[in-house]
Amino acid sequence: MKRIAVIDGQGGGIGALIIKALREAFGEGVEILALGTNSTATAAMMKARANKGATGENAIVWNSARVDCIAGPLSIVLSNGMLGELTPRMAEAISSSPARRFLLPINQEGVEIVGMQKEPLPHMIEKLILSLEEELHV
């Protein structure tokens with residue numbers, strides 16, 4: 001069974017939306033691990049029906065290398081992202097992970113991805129699911 005880590009911080013709203021969409025697309029055919037930078041984010045993602053959840057720097061560092069795919073907002077690979085919740089060690093672990101990463105280009109950190117079309121979050125999540133379906137050969 002493929003393992004997908006969904007990483008989010010602050011209130012966990014984006015991660016929860018990703019997990020809901022993953023459950024609709026894959027049902028129980030994938031294991032979803034909710035990794036929050038704080039307990040509020042982890043709790044929100046667990047309510048969205050993740051299989052397991054863990055919180056904090058060590059949980060994110062440890063699990064980033066042990067999943068097949070990682071999904072979340074772009075800020076999970078930016079040191080000090082999410083108003084400082086995303087530590088440099090977390091960003092390094094996610095960026096260096098052998099897992100395939102699927103990042104939503106949400107501009108919350110003052111980083112502009114040139115050439116990307118601005119789209120509503122639900123459209124970006126639909127594209128994320130299509131990309132994961134292709135990656136997982138579903």
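Taken together, the residues in the stretch 106-138 that are small (Gly, Ala, Ser) and either surrounded by 12 or more Cβ atoms within 10 Å (Cβ to Cβ) or farther than 19 Å from residue 79 by Cα (or both) amount to 2. Inclusion of residue 41 among residues that are assigned to a helix (DSSP H, G or I) and closer than 22 Å to residue 124 by Cα is warranted.
Here is a yes/no grid of residues against (1) out of contact with any His (no Cβ under 6 Å at 6 or more places or on another chain); (2) part of a loop (DSSP other than H, G, I, E, B); (3) of a type in the set (A, V, I, L, M):
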{"site": "16", "(1), (2), (3)": "yes, no, yes"}
{"site": "35", "(1), (2), (3)": "yes, no, yes"}
{"site": "46", "(1), (2), (3)": "yes, no, yes"}
{"site": "63", "(1), (2), (3)": "yes, no, no"}
{"site": "71", "(1), (2), (3)": "yes, no, yes"}
{"site": "84", "(1), (2), (3)": "yes, yes, no"}
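To keep it simple, each residue is scored yes or no on (1) at negative phi; (2) more than 15 Å from the chain's Cα centre (by Cα).
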| position | (1), (2) |
| --- | --- |
| 53 | yes, no |
| 57 | yes, no |
| 63 | yes, no |
| 70 | yes, no |
| 82 | no, no |
| 90 | yes, no |
| 137 | no, yes |
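Is it the case that residue 75 is under 21 Å from residue 42 (Cα atoms), at pLDDT 90 or above and assigned to a loop (DSSP other than H, G, I, E, B)? No. Candidates 86, 103: the one that is within 11 Å of the chain's Cα centre (by Cα) and either surrounded by 14 or more Cβ atoms within 10 Å (Cβ to Cβ) or within 23 Å of residue 121 (Cβ to Cβ) (or both) is 103.
Scanning the stretch 5-46 for residues that are crowded, with 24+ Cβ neighbours inside 10 Å and on the phi > 0 side of the Ramachandran plot turns up just one, 12.
Collect the residues in the stretch 48-61 that are in a helix (DSSP H, G or I) and surrounded by fewer than 21 Cβ atoms within 10 Å (Cβ to Cβ), keeping them in residue-number order. Listed by number, the residues that qualify are 57, 58, 59, 61. Among the residues that make up the stretch 97-112, is at least one of them without any contact (Cβ under 8 Å) to a residue 40 or more places away in the chain, part of a helix (DSSP H, G or I) and touching a strand residue (DSSP E or B) at 6+ places or on another chain (Cβ under 9 Å)? No, the conditions are met nowhere in the stretch 97-112.
The values are calculated or read from the model by the stated rules, or taken from the named source; none is laboratory data. Keep in mind that this is a model prediction, so the values were computed, not measured. All Cβ positions, glycine included, derive from the backbone under ideal geometry; neighbour counts span all protein chains shown.
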